[in-house]
Structures are given as structure tokens and as C-alpha cells.
1. Do we have any residue at all in region 111-134 that's among the β-branched types (V, I, T) and within 16 Å of ligand 1 (Cβ to nearest atom)?
2. On the basis of being surrounded by fewer than 21 Cβ atoms within 10 Å (Cβ to Cβ), under 30 Å from K39 (Cβ atoms) and either at pLDDT 95 or above or of a type outside the set (V, I, T) (or both), does L119 make the cut?
3. Would you confirm whether any residue within region 48-70 is modelled with pLDDT under 95, of a type in the set (G, A, S) and within 14 Å of ligand 2 (Cβ to nearest atom)?
4. Quick one: S83 ticks every box in (1) closer than 30 Å to E120 by Cα; (2) within 16 Å of ligand 2 (Cβ to nearest atom); (3) surrounded by 15 or more Cβ atoms within 10 Å (Cβ to Cβ) except a single one, so which number is it?
5. Is there any pair linking a residue in region 31-45 that is among the charged types (D, E, K, R) to one that is assigned to a helix (DSSP H, G or I) and within 16 Å of ligand 1 (Cβ to nearest atom), with Cβ under 7 Å and at least six apart or on different chains, and which?
6. Check E156, E120 and return the single one that is of a type outside the set (V, I, T), away from ligand 2 (no atom under 15 Å from the Cβ) and assigned to a helix (DSSP H, G or I).
7. For residues that are loosely packed, with under 15 Cβ neighbours inside 10 Å and assigned to a helix (DSSP H, G or I), scanning just region 1-40, find the one that is farthest from the chain's Cα centre (by Cα).
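The values are calculated or read from the model by the stated rules, or taken from the named source; none is laboratory data. Values in this document were obtained by computation on a predicted structure and should not be read as measured data. With ideal geometry, Cβ positions are generated from the backbone for all residues, glycine too; neighbour counts draw on all protein chains shown.
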Amino acid sequence: MPLNHPKLVKLLRLAYSAEKAAAFAYIGHAASVRDPEAKAVIKQIELDEWGHRASVLAIMQQYEIPVSHYNEIKYHVIGRLISLSCHMIGWFMPYYFAGRLESGNVCEYFIMMRYFNELEITEHDEVLYEMGLKEKQHEVYFQQSIANSRLLPLFEKVFGWGVQRSLNDVDLEHPSPVQESNRYCRHRK
Ligand SMILES: [Fe+2]
Ligand SMILES: [Fe+2]
């Protein structure tokens, strides 16, 4: 059954490839940190991203949506570049930009849910909700990692994300139930 929702199709194809970029980036990030505990957490985040990629692919296959070869190549290169850069730019920036990226990714899954709901499809709500909340957990981990850095106030001001400012309105301490979670990220698109 094809999906009659161009924005949703585009978002799914983008998310599929962007998850690969994220996973690649975390491989480099984990390799660049020394603390074994941080290494293990970042390794787990990498595995989460591969899991997201598999879940997005399963949804795409259900609706016969082809993978975008253009996105696959583009995000492959981006992921590898970020991965390499983690070894060169000190410890703060990989944490900061990972957190900022995760902050935006949270909304991708709630927006997808909303688009599916517009088509009266609710069967993916649970899996999209789980992915959205998982990205939020990733964001919070990175927020906590940089919370005490002296660089944070400056970066927060320039790049609009940090401990005080998030790119989504999800509260991990008090998450909405699945049925109400498509109200998240109304400020986006
Ligand atoms: Fe992800
Ligand atoms: Fe993530």
C-alpha cells in the first residue's frame, strides 16, 4: 500500500539515512573518548541508532518506499566526516553537536507520527514514540555531559541549544502518553 503523503515519505527516507550518519558519528565519538564509562554509553547510543534505522526501514518496506541512494551516499560521507572530526576538535564539541542534533531528531519521530495520523494510520505510534523518547534520552545524556563546561554558555547563545534551551518540548521526566504525544513539536512544520 503506497503512502499518499509526500512530506512523510521524504521524512522517512531522510531519517533512514540520517540514522546511519549518526551511528557512524558515534563510532568515532566513542573511539575518541578515554573514559570507559562514557565509551560504553556512546557505544550503546550507536546501537540505538542502528536499531532506529532498522525500524524506519521496516516501516518503509511496508509501504514500498525505496531507500534514497542520494541520501545514503550523502549521509555516509557526513557520518564518516563527523566520525573523523571527533579526534581533532577536543572533547566538548562532539558532545555539544551530538546533543544539538539529537534535540532536533526527537521531533522527527513525533512529526512522522502526526503525518501518519493525518492518514488515519496509528499502527506505528508506539514505535515512533519509543524512538522519539530514546532520542530525548540521548539529548539529555549529552546535556548532562557538558553541563559544567565553561564553553557551554557561549555555545548555547550562538547555536541556540544547551542545558537551558532545547529544540523540542518533550519532558523526559513527565512524558505524555503515546495517544497524546502527537501534540509534541507543534512548533515544527
Ligand atoms: Fe536515532
Ligand atoms: Fe539518537
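1. Start the filter on region 111-134 by keeping residues that are among the β-branched types (V, I, T), which leaves 111, 121-122, 127.
Imposing the further condition that a residue be within 16 Å of ligand 1 (Cβ to nearest atom) reduces the set to 111, 127.
Yes, the conditions are met somewhere in region 111-134.
2. On the way: surrounded by fewer than 21 Cβ atoms within 10 Å (Cβ to Cβ): yes; under 30 Å from K39 (Cβ atoms): no; either at pLDDT 95 or above or of a type outside the set (V, I, T) (or both): yes.
Judged against the criteria, L119 is not a match.
3. Going residue by residue through region 48-70, those that are modelled with pLDDT under 95 are none.
No; the residues of region 48-70 include none that is modelled with pLDDT under 95, of a type in the set (G, A, S) and within 14 Å of ligand 2 (Cβ to nearest atom).
4. (1)
5. K39/A30; K43/A30
6. Working: E120 fails: assigned to a helix (DSSP H, G or I).
Residue meeting the stated conditions: E156.
7. Looking only at region 1-40, we keep the residues that are loosely packed, with under 15 Cβ neighbours inside 10 Å, and these are 1-2, 4, 6-7, 10, 31, 34-37, 40.
With the extra rule that they be assigned to a helix (DSSP H, G or I), the set shrinks to 6-7, 10, 31, 36-37, 40.
Numbers: P6: 21, K7: 18, K10: 16, A31: 20, P36: 23, E37: 22, A40: 19 Å.
Among those that are loosely packed, with under 15 Cβ neighbours inside 10 Å and assigned to a helix (DSSP H, G or I), it is P36.
Yes/no per residue for (1) among the hydroxyl-bearing types (S, T, Y); (2) in contact (Cβ under 8 Å) with a residue 40 or more places away in the chain; (3) surrounded by 22 or more Cβ atoms within 10 Å (Cβ to Cβ); (4) in a loop (DSSP other than H, G, I, E, B):
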{"residue": "G90", "(1), (2), (3), (4)": "no, no, no, yes"}
{"residue": "Y95", "(1), (2), (3), (4)": "yes, yes, yes, no"}
{"residue": "Y129", "(1), (2), (3), (4)": "yes, yes, no, no"}
{"residue": "N148", "(1), (2), (3), (4)": "no, no, no, yes"}
